[in-house]
Amino acid sequence: MIKLQFNNEKLFYLFFLVLALNFSFLKDIKAQNGKKIKTVVIDAGHGGKDSGAVGKKSLEKDITLKVALMTGDYIKQYCPDVEVIYTRSSDKAVSLYQRAKIANDRNADIFISIHCNSTTSTSPYGVETFVMGEHKNAANLEVAKLENAAILHEDEAEQDYGGFDPNSTEAYIMLNFFQSEYKNASLDLAERIQNQLVKRVGRKDRGVQQAGFLVLYRTMMPSVLVEIGFLSNPNEEKFLLSKEGQTYIASAIFRAFRDYKVAYEKDNAIVENNDTEDVNTNNNKIIYKVQIESRSRKISNPKEHYSTLSEIDYYEHNGLYKYTSGSFDNKKDAEKHCKFVKEKGYESAFVVPFKNGKRID
């Protein structure tokens, strides 16, 4: 647990700083809520004078660009009905502000940001996928600080981010007051990407995480940031530098996107068809549950494992076992229970709706 010490005056200032950032950026933006996935933005992290993480033989900006372009090519080839937009297609600098603005201006349905990780140690390795949210530990916070430090290379950072300090722990606390309404969908996409990278590519699983990334904070659609490996680890750097490694990573991200698109459009078709039926029948009743967490392996005794929670259940989704607590007729009661679940230590818990026994978006 990170212990923070700052006075109320500073906290009060930071709150209104982030509040001002939020309203100034969102005033001209409409939320995306189409029934089909038509546009995806692929974001290659860093670029230009911002090299990102530096390995012994590589720069993050070069690897992310190659993987991003390859991912986009797969989508164009196998999902021809989807428009692919790149935040950059060459070695040029693009601010975090502009990356999100590109996605919002084009009314994108999905935003995928691709990055490489790095630490001062050569030992850590593996992949992790982030969504905008509250960091659970110091490691997640440091990843966010590392990626957000890109604004230090931007000429108009003061104007675009209102004095946001990427090295200020307090600033990240305030940033989490404005979590995206697309968090559940973002977690779904993140889990699919992580699952593909781990099970199909064989990378070490560092999990689906949450942290305060500026590039995700400003997007108005389901958004994820993928850390595809550590350049500070010699073996992983070698893999990421190879054409084979880049192909495996790009194809995994593509498959996750494709599966998300198919599931999203199928769910919307089901909901649309059900809307024509009698909404008062039991078959059409929406039930809300609180998802506790996802696991790659089934728990032998979930009631005992989650002994502090009630009405434990699970469902299978994207090759993972997802455990839930409670069952409610209305979202308000479910959200109240979600708060209780988080207080019990499951900070990533969120509300999931079910219809006819199946999860819906």
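The values are calculated or read from the model by the stated rules, or taken from the named source; none is laboratory data. Note that the structure is predicted; figures quoted are calculated from it, not measured. So basically every Cβ, Gly included, is an ideal-geometry build from the backbone, and we count neighbours across all protein chains shown. With ligands, DNA and RNA removed, areas are computed over all heavy atoms of the protein, side chains included. Shrake-Rupley method; radii C 1.70, N 1.55, O 1.52, S 1.80 Å.
How large is ³J(HN,Hα), in whole Hz, for each residue of the range 257-263 in order, when computed from phi with the Karplus curve 6.51 cos²θ - 1.76 cosθ + 1.60 and θ = phi - 60°, using x for Gly and Pro? Values, residue by residue: 4, 4, 5, 4, 4, 4, 5 Hz.
Seen from all directions on average, the range 27-132 presents a Cα convex hull projection of 8.2 nm².
Mean sequence separation of contacting Cα pairs (under 8 Å, at least six apart), scaled by the length of the range 290-360, corresponds to a relative contact order of 36 percent.
What the phi angles of the range 111-122 give under the Karplus curve with 6.51, -1.76 and 1.60, with θ = phi - 60°, is a coupling list of 10, 10, 9, 10, 9, 10, 9, 6, 9, 7, 9, 8 Hz, glycine and proline written as x. Spacing of the modelled spin labels on Lys344 and Asp105, each 7 Å from Cα toward Cβ, amounts to 4.7 nm. Computed from phi, the 3J(HN,Hα) profile of the range 341-355 under the Karplus parametrisation 6.51, -1.76, 1.60 (θ = phi - 60°) reads 4, 5, 5, 7, x, 9, 5, 8, 4, 8, 7, 10, x, 10, 9 Hz, with x in place of Gly and Pro. Between Ser89 and Lys35, the modelled label-to-label distance comes to 3.2 nm, taking each label 7 Å out from Cα in the direction of the beta carbon.
In this structure, the residue pairs whose Cα-Cα separation is over 29 Å, taken from Lys101/Lys358; Lys66/Lys261; Lys57/Lys92, are Lys101/Lys358. Per-residue SASA remark: Ile228, around 0 Å² accessible (1.4 Å probe; ligands, DNA and RNA not included).
Among the chymotrypsin sites (Phe, Trp or Tyr not before Pro) in the range 287-338, none sits in a DSSP loop with a Cβ that has at most 16 other Cβ atoms within 10 Å.
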